[in-house]
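Reading through the C-alpha cells given below for one structure.
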Amino acid sequence: MAKKIKDIDEEPVEEEVVGPPSPLVYVKAVFLLLIIVGGLLGIEQAAKRNSRYTQKEVPKIELNLQDNAAVEDTVEQGRDLLDDTMDLAEEQKEMVLGEATEVAASATASVKESMMDYVYENTVEVVIQKMIEQLPEKQREEFIEEVSAK
C-alpha cells in the first residue's frame, strides 16, 4: 500500500483526478447482495417445503387382530423408528441452514473487506498525497527524509 514519494527535483507530472467510483461498482455490490439474499430465501423455502412432509401427522394404524404382544411390539418399534427419522430430518435441516448462514456471513464479510480496501485506496491515500504536495517545500523535504530513513 505504501507508495514511494517522488523526488521533488523531478518534473511535475499531470495527476489524474480521482472522482467518485463508477455506478458499476454500486451495481455489482447490489447484485452480490441480491444473490446472497436470494440464496438465503431459497434455502429457507426448501427447508419449509421439506418440513411440511416431516410434520404431517402419522395416521394411527388400528389392527383388528387378537391381542398379540408381537404385533404391538412391531407397531411400537415402527412408531419409534418414524420418530427417530423425523428427528434426524429436523437436525439435518437445521445443519444445512446453519451452514448456509455461515457461507452467507463469510461472503458478506469478504465483500465488506473488499469495499473497505477500495474506499481506503481511493480516498485516504489520495488525501495524504495531496496534503504532502501542499506542504511548503522545506517541510516536504523534511518529511521525505524522515520517511526515507524509516
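The values are calculated or read from the model by the stated rules, or taken from the named source; none is laboratory data. Since the structure is predicted, the reported quantities are computational estimates derived from the model, not experimental observations. Cβ placement follows ideal geometry from the backbone for every residue including glycine, while neighbour counts extend to all protein chains displayed.
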Pairing a residue in the stretch 119-142 that is more than 22 Å from residue 25 (Cβ to Cβ) with any residue that is of a type in the set (Phe, Trp, Tyr) and surrounded by 13 or more Cβ atoms within 10 Å (Cβ to Cβ), where Cβ atoms lie under 7 Å and the two sit 6 or more apart in sequence or on different chains, gives 132/143; 135/143
Against the conditions (1) surrounded by 12 or more Cβ atoms within 10 Å (Cβ to Cβ); (2) within 30 Å of residue 50 (Cα to Cα), where does residue 123 fall short? Just the number, please. (2)
Residues being surrounded by 10 or more Cβ atoms within 10 Å (Cβ to Cβ) and at pLDDT below 85 - total across the stretch 9-51: 8
If we ask which residues in the stretch 126-150 are among the basic types (Lys, Arg) and surrounded by 10 or more Cβ atoms within 10 Å (Cβ to Cβ), their number turns out to be 2
